[in-house]
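The values are calculated or read from the model by the stated rules, or taken from the named source; none is laboratory data. Keep in mind that what you see is a predicted model, and the values were worked out from it rather than measured. In this analysis, Cβ positions are derived from the backbone assuming ideal geometry, glycine residues included, and neighbour counts consider all displayed protein chains. These accessible areas exclude ligands, DNA and RNA; they are computed on the full protein's heavy atoms, side chains included. Shrake-Rupley method; radii C 1.70, N 1.55, O 1.52, S 1.80 Å.
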Amino acid sequence: DADFKEVTRKRSRLDGNVVFTDFRDVSPLPVGNRFLVYTLFPQSNVSVRVHWGPSREHVACAVGHSIFNRTCRTAVGELMSNYGGGGHRGAGTCLLPARQADALIEEIIGTLKHNG
């Protein structure tokens, strides 16, 4: 758990209300409690986590409301459906084309920041 915490801390950054974690350069993917990021960044109300998808043709993007700071107003599943994914109000995922991933991630973060 300590290793997961350290990797998560190093690979995450706060952008307004959004904590963004990028595991694309980490192999193997760290294993641990996905909610830990909210204890590291308690001022965030939503997280965006990315890693390589089943092939390096896609980037997996997982978005979720904080379990502690419940002020996020974004319907995450609806947002993810705009990118070919899905989910429910509090959490969702999608696969982004690798060539467009960085721009699409910034769009997703921008929407989450705009919605609060």
- Message: If each DSSP helix of 4+ residues adds -39,500 (n - 2.57) and the sum is divided by the residues in the chain, what number results at 222 nm, nearest 500 deg cm²/dmol?
- Response: -8500 deg cm²/dmol
- Note on the structure: Taking 0.36 nm per residue of separation between Phe35 and Ala91 and subtracting their Cα-Cα distance, the length gained on full extension comes to 19.0 nm
- Residue-ordered couplings for the range 53-61, obtained by feeding phi - 60° into the Karplus form 6.51 cos²θ - 1.76 cosθ + 1.60 and rounding to whole Hz (Gly and Pro as x), are x, x, 9, 6, 7, 9, 10, 7, 10
- For Ile108, Ile67, the accessible-area ranking with a 1.4 Å probe, largest leading, is Ile67, Ile108
- Sum up the charges of everything whose Cβ sits under 14 Å from the Cβ of Asp3, counting Lys and Arg as +1 and Asp and Glu as -1, but leave Asp3 out. +2
- Message: Tell me the carbon and sulfur percent of the accessible area for the chain, rounded to whole percent, probe radius 1.4 Å.
- Response: 50
- Among Asp22, Asp1, Asp102, what's the order by accessible area (1.4 angstrom probe), most exposed first? Asp1, Asp102, Asp22
- Message: Suppose R0 equals 25 Å. What FRET efficiency, 1/(1 + (r/R0)^6) with r the Cβ-Cβ distance, do Ile67 and Asp1 give to the nearest 0.05?
- Response: 0.90
- Item | Potential lengthening between Asp102 and Gln43 on full extension [0.36 nm per residue; Cα-Cα distance subtracted] | 18.9 nm
- Message: Please compute, for the alpha-carbon atoms of the chain, the extent along each of the three principal axes and give them in descending order in Å.
- Response: 35, 34, 21
